[in-house]
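Down below is the structure, laid out as structure tokens.
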Amino acid sequence: QARKKWAELPEEIEARLLHKKIKGKECFILTSMLDTQRYVGDEIVDLYSQRWEIELGYREMKQQLLQNEFTLRSKKPELIRQELWGMLLCYNLIRYQMVRMSKVLPGIYPNELSFTLCAHAIINMFTFGFTLSHAHHIPKELSNLTEQAEFYVLPFRREERSYPRQIKRKSSKYAYKK
């Protein structure tokens, strides 16, 4: 199927199989990063376990910044790209502020702060707090937000959460017997 779509694919692909035991369960990861000196196996496995945080980042962008809307407003490809770049810029600016906020809280990492609360605070600050003539107040307001960082900390989360990718079972089109 892939060969039909991309005829230029090579006949063979060299890969490396990594494995690690997590809570007594054997986990395997197949990667094309073959250089064992440059790409240490344990580091790749640890990064893979952080994949869930990346998935949460995508969800944050879709739910908080795009407000669960499935379409972009622009019609032209270059404007759609501009809209997507704007969303990514907004997401990264919010995350940057969260990094600054986490630095004033010992032992707290940026992903332990609520993205939703931080995003609302920052967006509201820019939406309702300023006019162009008062833009010089932005650094002071961001500093005030940093000082209030403790109010944005999420409740403690279980360690080593891991959600393997799964295919969701398709529900039957026929009614169930009761």
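What's the total number of residues in the range 20-70 that are touching a helix residue (DSSP H, G or I) at 6+ places or on another chain (Cβ under 8 Å), assigned to a loop (DSSP other than H, G, I, E, B) and either loosely packed, with under 12 Cβ neighbours inside 10 Å or in contact (Cβ under 8 Å) with a residue 40 or more places away in the chain (or both)?
Residues that pass the stated criteria total 1.
Part of a helix (DSSP H, G or I), touching a residue at least 12 places away in the same chain (Cβ under 8 Å), of a type in the set (A, V, I, L, M, F, W, C) and more than 15 Å from Glu60 (Cβ to Cβ): does that describe Leu142?
So Leu142 fits the description; yes.
Which is among the acidic types (Asp, Glu) and under 24 Å from Phe156 (Cα atoms), of Glu55, Glu78?
Glu55
Residues in the range 71-80 that are at pLDDT 80 or above and part of a loop (DSSP other than H, G, I, E, B): how many? Before the answer, list the steps.
Taking the range 71-80 first, the residues at pLDDT 80 or above are 73-80.
Narrowing further to those that are part of a loop (DSSP other than H, G, I, E, B): 73-76.
So the count comes out to 4.
The values are calculated or read from the model by the stated rules, or taken from the named source; none is laboratory data. Only a predicted model underlies this, so the values are computations on that prediction, with no experimental measurement involved. Don't worry about glycine lacking a Cβ; one is built from the backbone with ideal geometry, like all the others, and counts go over all protein chains shown.
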